[in-house]
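Engineer: Sharing a structure, written as C-alpha cells. Questions coming.
Derivation of every value follows stated rules applied to the coordinates shown; laboratory data play no part. This is a predicted model, so every value here is computed, not measured. So basically every Cβ, Gly included, is an ideal-geometry build from the backbone, and we count neighbours across all protein chains shown.
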DNA sequence: GACAATTCTCGTAGGGTATACGAGAATTCG
DNA sequence: CGAATTCTCGTATACCCTACGAGAATTGTC
C-alpha cells in the first residue's frame, strides 16, 4: 500500500514496453525513424534483464530489496543506469507484474481444455493462487490500474471464455467473470499476504494468536458475543482458510450456474 | 503495501490500548501497582486525541499525511512526544483501524434487526462499504493480522449471527461467514482503492483507459482474444463495478442458501 | 585518423520516512 | 525543599526515488 504507482508519464511508452516482445498488429501510417542501431555506446543490459532481476530479488528478499539501488547493485551498475531501461520505479513494477501474469499456464484460444466450465475456472483459480504463492510480493502491489499488457489480457480472455460456455447474456457473462476474479484474486492476495507476514516476522499465525490469549481471558465479553461463543462451543472454528476459500468459490459458482437459461 | 506492520513488541500492551475504553471482565489474581495518578508531569494529550487526529488527517490528506511528524505538527507537539501515548506507528494504525471498525452501525445482540438473513448481510455490506468510502486510507492498510479490538470482534460477531439463522452446522456457518467477509471486504477494499487513485492522481478511471486507446489499435490481437472480442461486439462491457459487486454477492448468497437443510 | 553525432553511465543533491537515545522540564509527595 | 516520577522533544541514522548534467564509449563520415 504505497502512495506510489500514481501516474505514468507517457502511456504510449509504457504500452510499448509492456508489449515489447510482441509483434505489432500493423504499422501505423506515421513513418517513424525506425530506431536505427549503429551510433552510440552499447547498452550493457536490456529491459528483460532488469525485469527478471527485479522479480528474482523481490521473490528472494522481499519487495523492499527490489529498490532501484538494490537492483543496481545486484546488476553491477550504478543506480541511475537503470533509468536508461525503465522510465520509473512504477513502470518497472508494471513490467514485473505483467511478466508473472504472462507466466501463468492458461490454455489459449484453441488449446485443449476441460469441457466443464467449472473445471476451466478451477484452472484459473489454481494458476492464480500458485502465482501469488511463488511471488508473494504481488500482495504488496496495487493492481487497481493494472498493467495493460499481454499477461493481464490473457487472464481476462481465459476467464471470459470459460464463463461464455454457460450461455448467459454478454453483460451477465462479463459481470459473472468480474465477480469470479474479484473473489479468486482477492483470496489469493490474502493468502500470499498471510504467508508473507509469517515469513518477514518469523512468526506463524498460530503463534501470533497464541500471544493474544489474554483477549479471551481478560477482555472478551461473552454476553456481547453470543454467536462467536456458540460457534466456539460447537467446535466450529477448526476450518482452515483454504477450506473457506474452497467453500466460497463453490457456492459462488453454484449461484452463477443456477442462472443458466434452460 | 508496506513492509511495515510486521510486529508489535508487547501484545499485552497492545490489547490494553485497543480495549482501553472497555471494562475488564474480571481483575486477575496478580495485584498490579494500580497505576497511581499523582506524581509526574501532566500529559497534554491522551490516546484518543492521537487516534482521532490520525484518522482525520488520513481522511483529509491521505495516509502519508498521517506520519508521526505530520501528526505531531497537527497536534502542536514535538514528534517524539507521540511515543508517550503510542508505542509505534504500527500500533497507532491498529488503533485507527479498530476505531473506524467500531463506528460501523451494526445491530448488537438483542438489538432490532431484519428477520431475513440476506437483509442482515446487506447491512454488513452497506456499513463496510460506507466505512471504506469514508476512510479511503483503509485500502492502504493490511489487515491480515487485524487489530484484535472491540471493532473487529463486533463485525465478526454480527456476520456470524446473521449466518447462524440459516441452520447450517457450526463449521459450515463459520466457513460461510468467512467466505462472505472475504468477498465483501475485498470488494469494498477495491472500491476504495479505486477512488483513492482517482483522487490522488486527479485522473478518472475513464480518462486513464482513454489514454491507453493505442492498446486496441496497435497491440490488441483479435485472434488471441476471441472471447473479449465477442463480449465487445455484443456490448457486454457496459456494466459498472457496482453492478458486478451486487451480482456476485447475490450469487454467493444464493449458493450458500441452497445448502440450507430442508 | 579526426570529428560529430549519438547513446549509455552514473555521482551528487534534495526531500521524505520511523524511532533510539538521553537531557531537561513539570508536577506531587514526604 | 529534595526526591521521585512522568511527560517533552532535539538530534542523529539509515533508508527511499529521481532531476540534473558531465563524462565515457561507439559508429559513420570525411
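Engineer: Which distances, shortest first and in nm, link residue A:45 to the matching position in the other copies, using label points set 7 Å out along Cα to C-beta?
Structural biologist: Sorted ascending, the copy-to-copy spacings read 4.1 nm.
Engineer: If you count, for every residue in A:139-146, the Cβ atoms of partner chains within 10 Å of its Cβ, what is the mean?
Structural biologist: 5
Engineer: Let me ask something else about it. Relative contact order, percent, of segment A:161-262 when contacts are C-alpha pairs under 8 Å separated by at least 6 residues?
Structural biologist: Worked out over segment A:161-262, it gives 49 percent.
Engineer: Ignoring everything except DSSP H segments at least 4 long, calculate the 222 nm mean residue ellipticity for chain B; use -39,500 (n - 2.57) per segment, divide by total residues, nearest 500.
Structural biologist: -17500 deg cm²/dmol, from helical runs alone.
Engineer: Something else now. Could you tell me the ratio Rg/Rh of chain A? Both radii from Cα atoms, Rh via Kirkwood.
Structural biologist: We get a ratio of 1.05 for chain A.
Engineer: Using a label point 7 Å beyond Cα on the Cα-Cβ vector, give me the inter-copy distances for residue A:122 in nanometres, one decimal, shortest first.
Structural biologist: Distances between equivalent label points, in nm: 3.5.
Engineer: Please compute, for peptide A:189-195, the average count of beta-carbon atoms on other protein chains lying within 10 Å of each residue's beta-carbon.
Structural biologist: 3
Engineer: May I have the convex hull volume per residue, in Å³, for the Cα set of segment A:71-120?
Structural biologist: Roughly 123 Å³ of hull volume per residue.
Engineer: Right, something else. Considering just Cα atoms, how many Å³ per residue does the convex hull of the protein assembly as shown enclose?
Structural biologist: 180 Å³
Engineer: If you don't mind, there's one more thing I want to ask. How crowded by other chains is A:178-188, given as the mean number of beta carbons from other chains within 10 Å of each beta carbon?
Structural biologist: Per residue, the average neighbour count from other chains is 5.
Engineer: Further, regarding this structure: When only alpha-carbon atoms count, how far does segment A:131-262 stretch along each of its three principal axes, as whole angstroms with the largest first?
Structural biologist: Answer, in whole Å and largest first: 54, 39, 20 Å.
Engineer: Let me ask something else. Find how much the distance from residue A:242 to residue A:64 grows on full extension, using 0.36 nm per residue of separation minus their present alpha carbon separation; answer in nm with one decimal.
Structural biologist: 61.3 nm
Engineer: Using only the Cα atoms of segment A:97-145, what semi-axes does the equivalent ellipsoid have when each is the square root of 5 times a gyration tensor eigenvalue? Give whole Å, largest first.
Structural biologist: Semi-axes from the Cα gyration tensor: 23, 11, 10 Å.
Engineer: For residue A:213 paired with residue B:201, estimate the spin-label separation in nm (one decimal), with each label point 7 Å from Cα along the Cα-to-Cβ line.
Structural biologist: Spacing of the two 7 Å Cα→Cβ label points: 4.9 nm.
Engineer: Give me the percent relative contact order of chain A, please, defined on Cα pairs under 8 angstrom at least 6 residues apart.
Structural biologist: Averaging sequence separation for qualifying contacts and normalising by length gives 19 percent for chain A.
Engineer: Still on this structure, please answer the following. If we hang a label 7 Å off Cα along the beta carbon direction at residue A:56, how far is it from the matching labels on the other copies, in nm, shortest first?
Structural biologist: Taking the point 7 Å beyond Cα along Cα→Cβ, the inter-copy spacings are 5.2 nm.
Engineer: Students often check this: by mean Cβ neighbours within 10 Å, which of B:244-252, A:42-50 ranks highest, and how do the rest follow?
Structural biologist: B:244-252, A:42-50
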